[in-house]
Amino acid sequence: MTRRIGGPALALVLAAASPAGAQTLRLAPVFSDHMVLQRDRRVPVEGNAAPGAQVSVQLGDMPAVTGHANREGRWRLELPGHAALAATTLMIRSRGETLRLANVAVGDVFLCSGQSNMELTLRVATNADTAVAQSADPALRLFNVPRQSSTTPQARFASPVVWQMSAPASARDFSAACHFMGAELRRRRNVPVGLIAASWGGSIIQDWLSEAGLRRNGGFDEGLALLALRATDPAAAQRQWEVGVETYLQRTTASLAQPVAADPARMWEEWGGDLATFDGTGVYMTQVTLTADQARRARRIRLGAVDDIDLTLVNGRRLGATIGWNAERVYMLAPGQLRAGANRIELRAIDTGGGGGMWGSAPRRIELDDGSTIALDQPWRFRRGAALGNAGPAPLVPWVGSSGLTTLYNGMIAPLGRIPLAGIVWYQGEANVSDPAGYARLLPSLIADWRERFSTRRFGVVQLANFGPMQSKPVDSAWAALREAQRKTVAADSDTGLAVAIDVGDPRDIHPTDKKSVGLRLAQVLEGASNARLPAVTREGGSVRLRFDRPLQVIGGAGPLGFEACGAGGCRFTAARLADPSTLLVDAVPGDARLRYLWADSPIANLYDRDGLPVTPFEIALP
């Protein structure tokens, strides 16, 4: 017995049960009680059974679909498309074995993915107590994908997974942005909504693409070859990666600034001065004096944590390299690496964004074979190398989850199979902010990759929120450049929408907690809404006329802030004013070639449309 949707109520269905002794028949892990199947689409159901066995799949009282498992015992059947249903059962039978999934709904299913801002849970969002308390909705279903990194595509997740109805106990540890989005879509569409959350804090976009997607994008053959080598010879792969790091650091530290006193307990941004916003490379140096006996008995060196990559040398000889902002650096010492007298220790660091360099209170020391230690208590010195914008992307460890190549796709996306979706939303970019040009190539590749896998078109992208120092004059901003890469990707694709978050971030916190605004804007994107379209541009004497596709409003009574006119001498702030509800006049001179809007890490936005959505940051060429 099934019930068609007429409201949010669900039919009451008994819990699923399998007969005793069922051993062979299994479903793919995305199938469980309380799941949501995509409405009006053919839905593949797959799993395992005895080789060659007949398998039947039946949704509610619809006719069963039958087929056979192959010689390896794998089977895949397709259910015909169905209108929205509040609750029904899914029965799978084979050779006397039966699996029964209870309280299965048919509605709209969405995948939410990205890095830590998508991962941030409802229990730590703004007004969390109220949001969690009001989260109960039996027609809103949640599926949390556990973290898993893999060098090859996986059929199953890292731990058991189940669909859950939204309630305080299940929603509190679910993605806040995704949950707010889903709740709004439930209100708008009045059908069951299924949300799949698959995110990993600090992850780069390269790790979420399939191998085929990366190869189609180009430029990753060397890294993918290293990933394949890792599967057969991990030690050789590690050595090869270390050589790449050494080559990169030799190039990017060939010209070093004057040495300054270093505090290895604090990231270099905390030292202030010209390091306060520095992302790039640098070299730490100290020395330790040993007796001949101590040098002979030294076994390992501990140097604490380094953000993000280090290459460590003793007396000019490489000890090793490590990636991971919170991984303790521990390196074994071979006989003869240390000597009686002074020994030079050099740690070359690569900071790929955010905090950088050595940090933390872990003791830095040399350990001897009897367990005794020698503290590295001599002063450290630091010399700054190349900024990341000049150094180029740092060498990745292709097998390390969140900073590798395709390992998160293999471990967290591949196990979802090829279920059809109503749409996908993507909240990521902070970890790629050092390479906006590369991101401009990779984001369209990821969209195409996932669309093909999940048979969907609608794709929502959260534009980077405001984060970082506020500025009183125009500056170059990698954050603004990556936002522009996101805007251009969306502008070139009519099935993609941009959720602008330039006004809901926090200049001092890369993890802003206002995820309700983000979720509501994502819901609008999936419904086809957009922010004010980038304007048509014409010159009029000493002004540029920008005509938008809707009326705008200036918040606060002043003129619109954040416009910059750029020419051969650089960029300068310039005045703007509303000529009529949908037209802006921006001051410019004949030599100005570009116009930028909100081009900073943390600009102030006061120009909105009448629906309360901010005008999208942009950079355009002037006619």
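Using Cα positions and a limit of under 18 Å, work out the aspartates and glutamates in reach of Lys473, with same-chain residues fewer than 8 apart set aside.
Output for Lys473: Asp274, Glu564, Asp587, Asp592, Asp601, Glu619.
Charges at C-beta only: +1 for Lys and Arg, -1 for Asp and Glu. How large is the resulting dipole of the chain about its Cα centre, in Debye rounded to 20?
The calculated dipole for the chain is roughly 1140 debye.
Test of understanding: what is the full-extension gain from Ala492 to Ala342, defined as 0.36 nm times their sequence separation minus their Cα-Cα distance?
Extending this stretch completely gives an extra 48.0 nm.
Around Glu242, with a cut-off of 11 angstrom between Cβ atoms, what is the net charge of the other residues, counting Lys and Arg +1 and Asp and Glu -1?
Net of charged neighbours comes to 0.
What value, in deg cm²/dmol to 500, does the helix sum -39500 (n - 2.57) over DSSP H runs of n ≥ 4 give at 222 nm once divided by the residues of the chain?
Roughly -5500 deg cm²/dmol at 222 nm, from the helical runs in the chain.
Can you tell which of Ala139, Ala276, Val260 lies farthest toward the positive end of the dipole of region 138-285, using +1 and -1 charges on the Cβ of basic and acidic side chains (Lys, Arg; Asp, Glu)?
It is Ala139, whose Cα lies furthest towards the positive end.
Out of Val433, Thr456, Val537, whose Cα points farthest toward the positive end of the dipole of the chain (charges: +1 Lys, Arg; -1 Asp, Glu; placed on Cβ)?
Of Val433, Thr456, Val537, it is Thr456.
Can you work out the Karplus-derived ³J(HN,Hα) for every residue in region 607-614? Use 6.51 cos²θ - 1.76 cosθ + 1.60 with θ = phi - 60°, whole Hz, and x for glycine or proline.
Working through the residues one at a time gives 10, 10, 8, 6, 8, x, 9, x Hz.
With bins 5 Å wide starting at 0, give me the P(r) of region 454-599 over every alpha carbon pair, in whole percents.
P(r) over region 454-599, rounded to whole percents: 2, 8, 15, 19, 21, 18, 10, 4, 2, 0, 0.
Would you mind checking the radius of gyration and Dmax of the chain based on alpha-carbon positions, in Å?
Values for the chain (Cα only, Rg and Dmax): 27.7, 84 Å.
Once amide H atoms are built 1.01 Å from N in the peptide plane, which residues 5 or more positions from Met35, or in another chain, come under 5 Å H to H?
So Met35 has HN proximity to Ala105.
With unit charges on the beta carbon (Lys/Arg positive, Asp/Glu negative), name the residue among Asn326, Ser94, Tyr409 whose Cα is farthest towards the positive pole of the charge dipole of the chain.
Ser94
Rounding to the nearest 20 debye, state how big the charge dipole of region 229-311 is about its Cα centre with +1 on each Lys and Arg Cβ and -1 on each Asp and Glu Cβ.
Magnitude of the dipole: close to 600 debye.
Short version: ³J(HN,Hα) in whole Hz for each residue of region 74-83, in order, from phi by Karplus 6.51 cos²θ - 1.76 cosθ + 1.60 (θ = phi - 60°), x for Gly and Pro, what are they?
Along region 74-83, the couplings run 8, 9, 8, 10, 10, 7, x, x, 9, 5 Hz.
Would you mind working out the magnitude of the charge dipole of region 536-621 relative to its Cα centre, with +1 at each Lys and Arg C-beta and -1 at each Asp and Glu C-beta, to the nearest 20 Debye?
Rounded to the nearest 20 debye, it is 140 debye.
Rounded to the nearest 0.05, what FRET efficiency do Arg550 and Arg418 have when you use their Cβ-Cβ distance and R0 = 45 Å?
E between Arg550 and Arg418, to the nearest 0.05, is 0.70.
In sequence order, what are the phi-derived ³J(HN,Hα) couplings for region 560-573 according to the Karplus relation 6.51 cos²θ - 1.76 cosθ + 1.60 with θ = phi - 60°, rounded to whole Hz, with x for glycine and proline?
x, 9, x, 8, 10, 9, 10, x, 4, x, x, 10, 9, 5
Let me check against my output: what whole-number percent is the relative contact order of region 20-132, with C-alpha pairs under 8 Å and at least 6 apart?
Rounded, it is 28 percent for region 20-132.
Averaged across orientations, what area in nm² does the convex hull of the alpha carbons in region 251-389 project?
7.8
Every number in this text was worked out from the coordinates using simple rules, so none of it is lab data. Keep in mind that what you see is a predicted model, and the values were worked out from it rather than measured. Cβ: placed from backbone, ideal geometry, glycine included. Neighbour counts: every protein chain shown.
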